[in-house]
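*Asks:* Encoded as structure tokens, here's the structure I'll be asking about.
Just so it is clear, none of the values below were taken in a lab; they were calculated from the coordinates. On a predicted model such as this, the values are computed, not experimentally measured, just so you know. Every residue, glycine as well, gets a Cβ built from its backbone with ideal geometry; the counts of neighbours run over all protein chains shown.
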Amino acid sequence: MIFAIEEINNSTELLPGIKLGYQIYDSCASVPMAVHVAFQLSNGLDPVFYTGDNCSQSGMVMAVVGESGSTPSISISRIIGPFNIPQVSHFSTCACLSDKQQYPSFFRTIPSDQFQADALAKLVKHFGWTWIGAVRSDSDYGNNGMASFLDAAHREGICVEYSESFYRTHPRSRIQKVADVIRKSTAMVVVAFAAFGDLRLLLEELLLEPSPPRQWIGSEDWVTDTELLRFSFCAGAIGFGIERSVIPGAVTDKSVCDGTEDIKTLQSPYTDTSQLRITNMVYKAVYAIAHAIHKAVCQERNSTTQCDKFTRIEAKEVS
């Protein structure tokens, strides 16, 4: 996000003469924290961050990028929606968020899970797996995604032996129950529509008492996560991932490595720039907002672009 904003601020074509400011908050995957931040944003930002004449509308929030999870995005949208503040999510995929009556100012740069659910059902059918088990996060993402998948699976003639839900804040006994269902089942294929933060707990539980081999089918939230590599029984897991992308100029500092690093310690989403899956969705979200602001405050005159940073615009003009 910062990279995209700095790139835009240095551009002579997009918002020339105008610099975008930003604040970044970490919701810690917590709905209460996301709600707290949403109220802060809707109330305006602390003017202490805006000194001199750097900003024309001190504390006015024009748009929000995020959230990552669908449930926090729903909570944020409920709060900032009435203020017509556009929200552009890079990773909230719940099909429920496509309802413009409920979420009129919500947009996203990632497809709805309806497409993924249909594709997962066709993938399972393609391999002739007609007897499966299903697990999901007990969240808007998991519950809505799995409901769509089960509908699609039924249309494809796929039978489901069990459908279990769990969440990372549930007691361990709940996670153990789901693990035991998987171990005792006859279905050799498990479809998991889950956030990796939730699924990791289930996989760690399965690791304690290995079950017969299972073919795992994954949703995009976890199937490309590098941390999955430590669970050997998930080898061969398949699913649909967000398209890998290239962001020109995203890795410009060549001095971050000296050649003596241990590769094992560098395997994290923050150091791996070969994928840039979700990263690119953030990049697109920032640019979408920038183009909307550009359209509101800039005009073409004599083949040159002139932007007035003192043009008073409302957040709803950005959406």
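*Asks:* Using only Cα atoms and rounding to the nearest 10 degrees, what angle (0 to 90) does helix 196-208 make with the longest principal axis of the chain?
*Replies:* Tilt relative to the chain: about 30 degrees.
*Asks:* Taking Cα pairs under 8 Å and at least six residues apart, what relative contact order does the range 113-239 come out at, in percent?
*Replies:* Details: 192 pairs, mean separation 32.6, N = 127.
In percent, rounded to a whole number, it is 26.
*Asks:* A further question on this structure: Please give the Cα centre distance for the range 62-87 versus the range 135-156, rounded to the nearest Å.
*Replies:* Taking the Cα centre of each part, the range 62-87 and the range 135-156 sit 24 Å apart.
*Asks:* Taking θ as phi - 60°, what are the ³J(HN,Hα) couplings along the range 210-216 by the Karplus curve (6.51, -1.76, 1.60), each to the nearest whole Hz, with x for Gly and Pro?
*Replies:* Working through the residues one at a time gives x, 9, x, x, 10, 8, 8 Hz.
*Asks:* If I stretch the segment between residue 22 and residue 232 completely, what's the gain in nm (0.36 nm per residue apart, minus their alpha carbon distance), one decimal?
*Replies:* Working: separation 210, 0.36 × 210 = 75.60 nm, distance 4.13 nm.
71.5 nm is the gain from fully extending residue 22 to residue 232.
*Asks:* Can you give me the angle between helix 113-126 and the longest principal axis of the chain, using Cα atoms only, in degrees from 0 to 90, rounded to the nearest 10?
*Replies:* Approximately 30 degrees, to the nearest 10.
*Asks:* How would you classify the range 113-239 from its alpha-carbon gyration tensor, with a ≥ b ≥ c the square roots of the eigenvalues: rounded for a/c under 1.5, else prolate if a/b is greater than b/c, otherwise oblate?
*Replies:* Values: a/c = 1.45, a/b = 1.32, b/c = 1.10.
It is rounded, given that a/c, with a ≥ b ≥ c, falls under 1.5.
*Asks:* Suppose we keep just the DSSP beta bridges with both residues in the chain; what percent of those would be antiparallel, to 5?
*Replies:* On the way: 4 of 27 bridges.
Taking every DSSP beta bridge with both residues in the chain, the antiparallel ones total about 15 percent.
*Asks:* Once the Cα atoms of the chain are picked out, what are the Rg and Dmax in Å?
*Replies:* Looking at the chain, its Cα Rg and Dmax stand at 22.3, 73 Å.
*Asks:* Here's something else I'd like to know. Where Lys and Arg each count +1 and Asp and Glu each count -1, what net charge lies around residue 34 among other residues with Cβ under 13 Å from its Cβ?
*Replies:* Numbers: positive: 78; negative: 26, 67, 140.
Value of the local net charge: -2.
*Asks:* Below 8 Å, C-alpha to C-alpha, sequence gap of six or more: please give me the relative contact order for the chain in percent.
*Replies:* Numbers: 479 pairs, mean separation 60.6, N = 319.
Computed value for the chain: 19 percent relative contact order.
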